[in-house]
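Step one of this worksheet: look at the structure below.
The values are calculated or read from the model by the stated rules, or taken from the named source; none is laboratory data. The model shown is predicted, which means the values in this text are computed figures rather than measured ones. Backbone-built Cβ (ideal geometry, glycine too); neighbour counts: all protein chains shown. Just so you know, the surface numbers come from the protein's heavy atoms only, side chains and all, with ligands and any DNA or RNA stripped out. Shrake-Rupley method; radii C 1.70, N 1.55, O 1.52, S 1.80 Å.
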Amino acid sequence: MQAESTLHELAFGALDSFQIEIPSWGFANTGTRFGKFLQPGAASTLEEKFSDAGQVHKLTGATPTMALHVLWDLPNGSADADAVHGLESRYGVAAGSINPNLFQDQEYKFGSLCNPSAEIRERAVAHMLDSVAIATELGSRDISLWLPDGSNYPGTQSIRKRIEWLEEALIRTHQNLAPGQRLLVEYKPFEPAFYHTDIADWGMASHLAAKAGPQARVLVDTGHHYATQNIEQIVAWLLHTGMLGGFHFNDRRYADDDLTLGSIDPYQIFRIFHEIQLSGPELLRDVAFMIDQSHNLKGKMEAMVQTVAMAQELWLKAALVNRDRLEHLQEKCELVKAEELFRGTFWQDVRPIVKEWRALRGLPEDPLAALAESGYVQRISAERGAKMAPVTSYA
Ligand code: LRH
Ligand code: MN
């Protein structure tokens, strides 16, 4: 165990540097194709989402930005930007990554940027350029693109032509980025398409980002992998090739389940954080940590606070790995000693030191308990419950 002082320095430094972006849609009523269970306290307006995000940041000190989804949060596009600035100062959370939405409109049935209709592709590119303009208005660095495009049956679409249309669309989007802005390309192997998905894995996303231009990177959603894939190895490759732009963290037992981070396999996130920390603190600026979850059954505020606390603990555990010693054991192929050091660090209970850090930073030692004591959930449930709309669409 490292000397007490160095341990605290290391731990507090790691926790001070850890920030994670929360998704506005994590506060909204969401469900699956089999239904949606409404929560009276769910957020349905952008103000309510900023209020909830502000509360999470007050309780954890680690979530200064909130990701926005264009159609869900900014239905009037850049015209909504002024209102957002007001909300940012009122609730103490800034607008984060801007997520274009190319998966709702009926015209995107056979694809958006990859649709065989040039007219529909043009409208989809226009939405991408709108999203870049919104990011510029809001001062957001990242435009984070996930594309549902694909097909359900063999032979029904030209996979090759769709690659060309996609390359062209992302090059045009990249040409409109302001200096310092980034286009993040998120991949997903399947759903909603179940035969081929146009951006299905890290290789495809990496090629498209590199082809689009120097301000494009790959976004790794931890839920977008086959169960047998080694995600931390993909992360190591994206770090090695300089293509890693950020993460959507969540957890899953089967597919893109969007469960809360660390709820099924906390060791998975620890292994990913270790690969990132191997690249040194300066890298952190370039790797966006974001949460992408849908809280269908857990209380939305509790789930978000729980997720941030879990992420802080796992980040700290990874920071405590004695990397020099591990490197030595790896080189000596001391397998059991190396594994015992690596997994042993993961086993450490870091909650007491996280509590100390929170107290030192004027934050509640137990953010979940503080949330319960604040009565915030009861208050928003009473205020918002009255206008709870009957179930209509997905989100
Ligand atoms: C797609 C995805 C994408 C978001 C959506 C809410 O599965 O991960 O990042 O736009 O979830
Ligand atoms: Mn995602």
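Taking the options GLN233, GLN277, GLN293, name whichever one is at pLDDT 95 or above, open to solvent by less than 40 Å² (accessible area, probe 1.4 Å) and more than 16 Å from ligand 1 (Cβ to nearest atom).
Working: GLN233 fails: open to solvent by less than 40 Å² (accessible area, probe 1.4 Å); GLN293 fails: more than 16 Å from ligand 1 (Cβ to nearest atom).
Selected residue: GLN277, the only one of GLN233, GLN277, GLN293 that is at pLDDT 95 or above, open to solvent by less than 40 Å² (accessible area, probe 1.4 Å) and more than 16 Å from ligand 1 (Cβ to nearest atom).
For THR136, state whether it is surrounded by fewer than 22 Cβ atoms within 10 Å (Cβ to Cβ), at pLDDT 95 or above and over 26 Å from the mean Cα position of the chain (by Cα). So that I can check it myself, show each step before the final result.
Values: surrounded by fewer than 22 Cβ atoms within 10 Å (Cβ to Cβ): yes; at pLDDT 95 or above: yes; over 26 Å from the mean Cα position of the chain (by Cα): no.
When the stated conditions are applied, THR136 does not pass them.
With exposed (fewer than 15 other Cβ atoms within 10 Å of the Cβ) and touching a residue at least 60 places away in the same chain (Cβ under 8 Å) as the only criterion, which of LYS355, LYS387 stands out?
Working: LYS355 fails: touching a residue at least 60 places away in the same chain (Cβ under 8 Å).
Answer to the selection: LYS387.
Out of LYS298, LYS317, LYS332, which single residue is in contact (Cβ under 8 Å) with a residue 40 or more places away in the chain and charged (D, E, K, R)?
Working: LYS298 fails: in contact (Cβ under 8 Å) with a residue 40 or more places away in the chain; LYS332 fails: in contact (Cβ under 8 Å) with a residue 40 or more places away in the chain.
Going through LYS298, LYS317, LYS332 in turn, just one is in contact (Cβ under 8 Å) with a residue 40 or more places away in the chain and charged (D, E, K, R): LYS317.
Please determine, by comparing only the residues of segment 206-230 that are within 16 Å of the chain's Cα centre (by Cα) and closer than 16 Å to ILE171 by Cα, which one is most open to solvent (accessible area, probe 1.4 Å). If you could, list the steps in order and put the result at the bottom.
First, the residues of segment 206-230 that are within 16 Å of the chain's Cα centre (by Cα): 217-225.
Those still in the list that are closer than 16 Å to ILE171 by Cα too: 217-218.
Numbers: ARG217: 63, VAL218: 0 Å².
It comes out as ARG217.
Is there a residue being open to solvent by 20 Å² or more (accessible area, probe 1.4 Å), touching a Pro at 6+ places or on another chain (Cβ under 8 Å), under 24 Å from PRO192 (Cβ atoms) and not β-branched (Val, Ile, Thr) anywhere in segment 162-179?
Scanning segment 162-179, I find no residue that is open to solvent by 20 Å² or more (accessible area, probe 1.4 Å), touching a Pro at 6+ places or on another chain (Cβ under 8 Å), under 24 Å from PRO192 (Cβ atoms) and not β-branched (Val, Ile, Thr), so the answer is no.
Here are SER89, SER112, SER97: which of them is of a type in the set (S, T, N, Q), out of contact with any helix residue (DSSP H, G or I) (no Cβ under 9 Å at 6 or more places or on another chain) and either without any contact (Cβ under 8 Å) to a residue 60 or more places away in the chain or surrounded by 23 or more Cβ atoms within 10 Å (Cβ to Cβ) (or both)? If you could, list the steps in order and put the result at the bottom.
Values: SER112 fails: out of contact with any helix residue (DSSP H, G or I) (no Cβ under 9 Å at 6 or more places or on another chain); SER97 fails: out of contact with any helix residue (DSSP H, G or I) (no Cβ under 9 Å at 6 or more places or on another chain).
From the options SER89, SER112, SER97, the qualifying one is SER89.
Is there a residue being touching an Asp or Glu at 6+ places or on another chain (Cβ under 6 Å), among the hydrophobic types (A, V, I, L, M, F, W, C) and outside any helix (DSSP H, G or I) anywhere in segment 35-45?
Going residue by residue through segment 35-45, those that are touching an Asp or Glu at 6+ places or on another chain (Cβ under 6 Å) are 43.
Imposing the further condition that a residue be among the hydrophobic types (A, V, I, L, M, F, W, C) reduces the set to 43.
Subset that is outside any helix (DSSP H, G or I): 43.
Yes, segment 35-45 has at least one match.
Pull up segment 236-254, narrow it to residues that are assigned to a loop (DSSP other than H, G, I, E, B) and surrounded by 15 or more Cβ atoms within 10 Å (Cβ to Cβ), then point me to the one that is farthest from ligand 1 (Cβ to nearest atom).
Of all residues in segment 236-254, those assigned to a loop (DSSP other than H, G, I, E, B) come to 241-243, 250, 252-254.
Imposing the further condition that a residue be surrounded by 15 or more Cβ atoms within 10 Å (Cβ to Cβ) reduces the set to 243, 250, 252.
On the way: MET243: 18, ASN250: 8, ARG252: 11 Å.
Looking at residues that are assigned to a loop (DSSP other than H, G, I, E, B) and surrounded by 15 or more Cβ atoms within 10 Å (Cβ to Cβ), I get MET243.
Assess whether PHE194 counts as being among the hydrophobic types (A, V, I, L, M, F, W, C), within 16 Å of ligand 2 (Cβ to nearest atom), open to solvent by 10 Å² or more (accessible area, probe 1.4 Å) and at pLDDT 95 or above.
Working: among the hydrophobic types (A, V, I, L, M, F, W, C): yes; within 16 Å of ligand 2 (Cβ to nearest atom): no; open to solvent by 10 Å² or more (accessible area, probe 1.4 Å): yes; at pLDDT 95 or above: yes.
So PHE194 fails the test.
Which residue out of GLY86, GLY96, GLY26 is farther than 22 Å from PRO192 by Cβ, small (Gly, Ala, Ser), within 16 Å of ligand 1 (Cβ to nearest atom) and at pLDDT 95 or above? Outline the logic, then answer.
Numbers: GLY86 fails: within 16 Å of ligand 1 (Cβ to nearest atom); GLY26 fails: farther than 22 Å from PRO192 by Cβ.
Only one candidate passes the filter, namely GLY96.
Among the numbered criteria (1) surrounded by 16 or more Cβ atoms within 10 Å (Cβ to Cβ); (2) part of a loop (DSSP other than H, G, I, E, B); (3) within 15 Å of ligand 1 (Cβ to nearest atom), which one does GLY262 miss?
Unmet for GLY262, out of (1) surrounded by 16 or more Cβ atoms within 10 Å (Cβ to Cβ); (2) part of a loop (DSSP other than H, G, I, E, B); (3) within 15 Å of ligand 1 (Cβ to nearest atom): (3).
Just the residues that are within 16 Å of ligand 1 (Cβ to nearest atom), under 17 Å from GLY246 (Cα atoms) and assigned to a loop (DSSP other than H, G, I, E, B), please, taken from segment 212-229.
Scanning segment 212-229 gives THR222, GLY223, HIS224, HIS225.
Cβ contacts < 6 Å: first residue farther than 16 Å from ALA288 by Cβ and away from ligand 2 (no atom under 12 Å from the Cβ), restricted to segment 219-235; second residue open to solvent by 10 Å² or more (accessible area, probe 1.4 Å) and β-branched (Val, Ile, Thr), any location; separation 6+ or different chain. Result?
As it stands, the answer is none, since no pair meets every condition given.
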